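*Asks:* Following this message is one structure expressed as C-alpha cells.
The values are calculated or read from the model by the stated rules, or taken from the named source; none is laboratory data. All figures in this text were calculated on a predicted structure; none of them were measured in a lab. We place every Cβ from the backbone using ideal geometry, glycine too, and count neighbours over all the protein chains shown.
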Amino acid sequence: MSFVWNVTIRKDAKSGGYAYDPPALTGVEIGDQIVWANDDEVAHWPGLVTPTGVNDTYFMAYQIAPHEPSGAFVPGVSGTVTYVDSLDPQGPTGTIAVD
Amino acid sequence: MTPSNAARVTLALVLVAISALVLAPAARAANPQIVTCPPLQQNLITIPEIKRSSDGKLRATIELVDGMRTLWDYPNTNRCATQHLRYLRGYAGFDPAGSPAWPSGQEPLPGPTLRARVGDLVEIAFFNDIDTQNFQNALDKGAVGTTAACDQYTTSTSASQSATGPAGNSAGANDTMPNCLHGSSTSNLHFHGTHTTPSTTGDDVLLFVRPSMRVDGQRQPNRAEANLAFAEVFDRCEHHGPPHLWSEMPESWQETQKDLLQSYDRTVAYQGQPGTLPASSQLWPANASAIAQGLWPQYQVGAFPYCFPLPEWKQGSPTPRMGQAPGTHWYHAHKHGSTALNVANGLTGTLIIEGQYDDQLRAYYKNKLKEQVLMIQQLGTAPFPLTNPAVNQGAPGAPRPALSVNGRLDPVVTMAPGEVQLWRIVNGAFRDAVELYYFEPQSSSTPCSAAQPPASFPIQWRQIAQDGVQLRVENYRAVGAVDAALNIGPANRADMLIKATTAGKYSLCVVRNDALFTQGSTGAPDPPSLLLTVNVTGMNIDPPMDFIPDADFPTFPGFLDDIPASEIKLTRTLVFGAGNSTIDGKSFMDHHVDQTMQLNSAEEWTVMNQADDKSHPFHIHINPFQITGIFQPNTPEAKDPNNPCYVNPNDPATWKPCPSQQPQAPFVWWDTFPIPTGQQIQLPCKKLADCEPKLQPYITCNAARGTCTEYIPGWFKLRTRFVDFTGQYVLHCHILIHEDRGMMQLIQVVPDTTPLGHH
C-alpha cells in the first residue's frame, strides 16, 4: 500500500449535468485509497449501487461540498463496484475495479 | 496609489469574488499511472542548494506545492505509480526570475538544501500553494475533543458493507482532536537543530499556515503582494531582529490575513456543507483573541515570512550564552496532526550551518573534501500502514515504506580510490531508525545477506559530528572510531568521513530498527538491507586521503563544554507511556503548558520509557542536550541472572544503570535521543493490594480485566541549558505518528528578570 486514486466530479457543459472523470477506475488494489474531488457547483455524494438501492455511506460519511474533496475510501475486497450520486440516484454512474 | 493601497483594493475585489463563491473549477491532475519502477543503482541525485549571500543572509523562497511524483509501493517495491504528492521546492532570494528552475522530473526529491553560516540571519518566504482538492482530509473540519474531527477512512469489508473509523491503528479508535491525523494540507516549517527564537517568525511550530485560497484560478494572497510585505518584514528584521508583536508586521499584510481568514471562516465546507464551520473551529476569532492579548496569531493563509538569527557565540561576550552549533541540521513540516504524513510525503530538507568546524575541515583537506548530502526518507501516502485498515496486518509488524536516499532507492555514490568524502546524513524518515551496519563488495545477487558485519570493511567510516554538533576530539577517538557501530534514529544526523581505497562497487548495508536496539517488530533483529551503493572508480587520489588526525580535528567550541553538575538548578522526570500517545500519563493538550523552565538555567531530566517494544526518540526544540546516564533493562546483560548488571524484576534495587554501558565525559550533544525500552511483566496478582508490596509503586492494575502489569522503565538522563530564548515550544517523540497522536508536551521558558522593583 498504497496509492491514492482520484475521481473528479466535473460539470459537464455538454449535458448541463455532471460526469465522473474517469467513469471507470481501474488498476486499484486492495489497500489503495480512492478520493472524489467535487469540481461541480453543487454537492455530490457517491454511494454504492446495490440491488436494494443506494448505500450512501458506503464510501464516505458526508456529501462532498462544491470544490471540496471527499475523505478516503479504502477497498478491502477485490471486485468491481458501481456508484451513483446518492443525491441524484438517476444520474450518471461510475465504477471502481479492484484487483 | 501606494503599493499597499493598491494591494488592498485588489484584495477587496478578490474577496468579493470569494464571498460569492465564484470559484473557477481547477483543472484536475492526472490519476496515478502504474509505471515501470525506476531502475535501481542510478546516480545519487544532488539536491539543489541555496547558499547564503556574502552579506550574512540566507535568503530563500520555499514553496509547498503538489504534483505528480513516482513512488514505489511497499512492501512490494516493484509496483510503482506516479501520483499526487505534496513536495517542497525553492530558489535563492525572492524572485524566481534568474533562479534555476526546480527539477521538473517526477522523482520525489526532498526540499532544497539550505546552506547558511553561524551568525547569519535566515530570511525565508514560505508559500503554501497546495491544491486542497488533490488530497482528502486536507483541512481541519471539526472541534477539539471529537473523533469526527479526525481523518476518516472508510473501508469496505465485503461487497456490500463498509466501516468508517478514524485514522490510527487498532488502538486508535479513541483518537480525538487535536491528537489524531487531521488538516494535512496545513503546514509550517520546523528548523530542526537551530538555536534560535521559538516565537513569531522564528522556529515557531505553533503556526498553522493554511493553503492559499484560489479565486478565478488565482492564488490569494498573491505572490507579488506577499513579497512586497515580506520585503518590509525582512528589512525590519535585519535592523531590529524578529518582530515581537503582530502589530509590527506591515499593515497591509495584517489586513490581508484578516480578510482571508474571515473569508475562510465564512465559506469553508464543514461535513459537506459550505459556510457552516462551527464557531469553535473558526480561525479569525482565535487570531483576534491572540492579537488582543499581545500574542502572535497562529493562523496564517498562504504565506509566511520566517526571519531569525543563527546566533554566534563569542568567547567573553555575555550573550548569547550558547551559540548556534555549526553542522548538519534540517527542516521539515511540523503541523500537529499531519507531521507524520507530511514528512512521509517528503516535506523535509537539509539545513547546513557552517562555521569554524567547516573551515578547519576544509583547511586540513586543502579544499578537496567532497561533500555528499544524504537525506534518508520513508516516502508514502500514509504515515503508517496501520492507518489504512485494509492492510492492517497487526501491530507492529506491518510493512513500512522502503528507505530511499535523495528520492531514489539504492542510489550510487561515486568515489575515487584513495578519496575521503564528508557524508552529511539526515535521517528524515518519519518512523525508522537506521543502523549503518557494514560495507561489503557488491559481488552477489543478494547483497547484504550476511547477518553479521565482516571483520573489516572495504570502505571505512568515522563519525565526526552528531545531530549537527561536532564531536570533541576525545569522542572522535571513541564514538568516532573507525567503523564504530552507529545507529541513526529518526531525526538524527551524522557527519561521517568515508574512506575508499580500492576500485569496485560496494553495498552499504543497514538495519532498520526501532531506534535503539537492532530489534524488529517481532523482537528479532531485522535482516540487513541495502541502502546505497558506492562505486569506487577513476584515477587514484595521490597521495591517498586519510581520516583527519586527532591533532587537526576541528576545535571544539567553548559553549559546548560539558554542563557540570554544579550548574544544575532543577531536576525533573518525564515518562513516555507504554502506548504511543502519552507523556506523564497525558496526551498533548491545546492551551496547556506542561513544563516551565527559567531562562538561563541548566536542568537535569530523567526521561523514561514504559514501552517495551520501541525506543521513543525524545526530541526537544531550540536547545541541544547531553546524555549523562542510561538505564537499559533489555540488554542481554540485564536479562542474564549471572551478570552483575542483571535487572531482577522482583528487586527494584537491581534496576540500576550498568557501569559498562554509561556514556563517558566529555559527553556527546544530541537533539534527539531514543529512550531505552522498558520491561513489562504480567503479574499473577489481580489487584494492587495483592501484589508484592515493594513492587507496588511500579505496578498498574486494570480492575475491569483483573490484570496487573509491572513496569520497569528504561531511561536516560540529560543535561541541558535553557538559554538565550524565552517562549513556548515543544518536546515530543520523533516517531512522528506518535507525536501526531499526542506524545508531545508544550513547554515554556520564562524570563529570569523583571522590570519590576521592590524598594
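*Asks:* Between residues in region A:65-84 that are more than 7 Å from every other protein chain (Cβ to nearest Cβ) and under 16 Å from residue A:3 (Cα atoms) and residues that are part of a loop (DSSP other than H, G, I, E, B) and at pLDDT 85 or above, which pairs lie under 7 Å by C-beta distance while being six or more apart or on different chains?
*Replies:* A:78/A:30; A:78/A:99
*Asks:* Would you confirm, using the coordinates I've provided, whether residue A:49 is among the aliphatic types (A, V, I, L, M), more than 18 Å from residue B:275 (Cα to Cα) and either within 7 Å of another protein chain (Cβ to nearest Cβ) or more than 12 Å from the chain's Cα centre (by Cα) (or both)?
*Replies:* Considered against the rule, which asks whether it is among the aliphatic types (A, V, I, L, M), more than 18 Å from residue B:275 (Cα to Cα) and either within 7 Å of another protein chain (Cβ to nearest Cβ) or more than 12 Å from the chain's Cα centre (by Cα) (or both), residue A:49 comes out as no.
*Asks:* For region B:592-640, give me every one of the strands (runs of 3 or more DSSP E) that falls completely inside it and has 1 or more residues that are closer than 20 Å to residue B:565 by Cα and at pLDDT 95 or above.
*Replies:* B:595-598, B:601-609, B:625-631
*Asks:* Which of the residues that make up region B:581-596 are within 15 Å of residue B:206 (Cβ to Cβ) and of a type in the set (A, V, I, L, M, F, W, C)?
*Replies:* Listed by number, the residues that qualify are B:588, B:589, B:593.
*Asks:* How about region A:52-64: which of its residues are surrounded by 18 or more Cβ atoms within 10 Å (Cβ to Cβ) and either at the interface with chain B (Cβ under 7 Å from one of its Cβ atoms) or of a type in the set (Ser, Thr, Tyr) (or both)?
*Replies:* A:58, A:59, A:60, A:62, A:63, A:64
*Asks:* Are there any pairs with C-beta distances below 6 angstrom linking a residue in region B:309-331 that is at positive phi to a residue that is modelled with pLDDT of 95 or more, with the two at least 6 apart or on different chains, and if so which?
*Replies:* B:327/B:465; B:327/B:468; B:327/B:469
*Asks:* I've got another one for you. Could you grab me the full set of residues in region B:456-499 that are part of a loop (DSSP other than H, G, I, E, B) and within 21 Å of residue B:618 (Cα to Cα)?
*Replies:* B:467, B:468, B:471, B:479, B:485, B:489, B:490, B:491, B:492 - these are the residues of region B:456-499 that are part of a loop (DSSP other than H, G, I, E, B) and within 21 Å of residue B:618 (Cα to Cα).
*Asks:* Step by step: first the residues of region A:1-37, then only those that are surrounded by fewer than 24 Cβ atoms within 10 Å (Cβ to Cβ) and acidic (Asp, Glu), then the one that is farthest from the other protein chains (Cβ to nearest Cβ). Which residue is that?
*Replies:* In this case the residue turns out to be A:12.
*Asks:* Residue B:81 is checked against (1) farther than 30 Å from residue B:280 by Cβ; (2) in contact with a Phe, Trp or Tyr (Cβ under 6 Å, 6 or more places away or on another chain); (3) more than 14 Å from every other protein chain (Cβ to nearest Cβ); (4) hydrophobic (A, V, I, L, M, F, W, C) and fails just one. What number does that condition carry?
*Replies:* Evaluating residue B:81 over (1) farther than 30 Å from residue B:280 by Cβ; (2) in contact with a Phe, Trp or Tyr (Cβ under 6 Å, 6 or more places away or on another chain); (3) more than 14 Å from every other protein chain (Cβ to nearest Cβ); (4) hydrophobic (A, V, I, L, M, F, W, C) leaves (3) as the failure.
*Asks:* Being touching a residue at least 60 places away in the same chain (Cβ under 8 Å), hydroxyl-bearing (Ser, Thr, Tyr) and closer than 19 Å to residue B:132 by Cα is the filter here; which residues of region A:1-58 pass it?
*Replies:* Residue satisfying the conditions is A:20 alone.
*Asks:* Only one of these is over 23 Å from the mean Cα position of the chain (by Cα), surrounded by 23 or more Cβ atoms within 10 Å (Cβ to Cβ) and modelled with pLDDT of 95 or more: B:357, B:306. Name it.
*Replies:* B:357
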